[in-house]
Amino acid sequence: MNRDGTMFPGAVPPRDGTPTPDRTAAGRPTTAEPLHRPVAAPADGEDRATEAALRPKHLDGFIGQERVREQLDLVLRAARQRSATAEHVLLSGAPGLGKTTLAMIIAAEMGVPLRITSGPAIQHPGDLAAVLASLTGGEVLFLDEIHRMSRPAEEMLYLAMEDFRVDIVVGTGLDATAMSLELPPFTLVGATVRAGLLLPPLRDRFGFTAHMEFYDPAELERVVHRSARLLEVEIDPAGAAEIAGRSRGTPRIANRLLRRVRDYAQVTADGVVTREIASAALGVYEVDGRGLDRLDRAVLHALLKLFGGGPVGLATLAVAVGEERETVEEVAEPFLVREGLLARTPRGRVATPAAWAHLGLLPPPGPSRPSRAASPGPHRSGDSGQGGLPGGRTGRTTSPAAPRRRLPRR
């Protein structure tokens, strides 16, 4: 606003009423957003709010992962009965299976605040010390992608988890002083997609570890029905089954596909999600009946049509589809391997018979496939596989005249 009280051109006037300050997951108010925020920000905020609304708030509303829910319920109920802080929890599994949701549920079940950070954000021990020093008694610290935390910070975390204490060094050189900082009891919830990358001393300090499994179609149907009810979307059982069957065993993908199908049904139909509407909508978004998206099919097409089913190296396959090697390896390959469409071998990636059948192609017959290791008869005159000498002489004992050069035995 200008000094004379007029607003800048294009400025957004404040809404009527007293605004409510945004709060973090720990319940602390955050800095108010500037009025000149980008136009796309409200849409992003709406998507985040929708995703947060779909998350269950308690263990009773969490669908799937029956074994993990039962074990975690015992851990939390025992801690509440003892009026103690819950044990440190390590959750591992593929993205989108509910690790963040379980961390929020742990804080809600214990009735304590939740602090959220990630491993890549903690690259120095001082970063971790600052986060730990700001915790309150009993607070839950959720550390996503804990395997990407730096090794010095990871070693500092050992002592904090076990003795609720961190040792820091203040100053440099001769003026350096070691200080011990006492911490209030807290609960660390670590989430990782690669539990094997954690050092054993850190992994052993978690009181409860759980591995999240992929969901079966029946569980995903329940997830779709629950999300549709919260989004006020009318959906029939056949439509929910169609979405669940293309969700790759992941609730996050099921919720995302449901929102896209809802948009399609709202624009092109009467808003009711049926099997036909769901199939047509997912066809628009290039998700086939088995859950393969554009990248998955591009990898299979390149492997089958360009390389005859393999074997082919990962770098060559990534170049063929125009993607980074890490993208193919970490995004497309896990699902293709799990579906039995692709196999990893020491010589490279190989397509399975199911991949040929899924794309409606016929694999080449085995005997007619060329073999690079075979030597089809003698070389013709002037043809040399090694760069040869003039007149077809190769300098190696592979030509027809080679047997006549043998020395007589003595």
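The values are calculated or read from the model by the stated rules, or taken from the named source; none is laboratory data. All values derive from a computational prediction rather than experimental measurement. Every residue, glycine among them, receives a Cβ derived from its backbone with ideal geometry; neighbour counts consider all protein chains shown. Only protein heavy atoms, including side chains, enter the accessible area calculation; ligands, DNA and RNA are left aside. Shrake-Rupley method; radii C 1.70, N 1.55, O 1.52, S 1.80 Å.
Observations on the model:
- Expressed as a whole percent, the proportion of Cα-Cα pairs in region 180-232 lying more than 12 Å apart is 78%.
- Among 339-349, 295-305, 74-84, the order from most to least packed when residues are scored by Cβ within 10 Å on average: 295-305, 339-349, 74-84
- Placing a pseudo-label 7 Å from each Cα along the Cα-to-Cβ vector at Arg344 and Gln266 gives an inter-label distance of 4.0 nm.
- For Ile146, neighbours were defined as the other residues whose beta-carbon sits under 12 Å from its Cβ, and their charges (Lys and Arg +1, Asp and Glu -1) total +2.
- Computed with a 1.4 Å probe over protein heavy atoms only, the accessible area of Tyr264 comes to about 60 Å².
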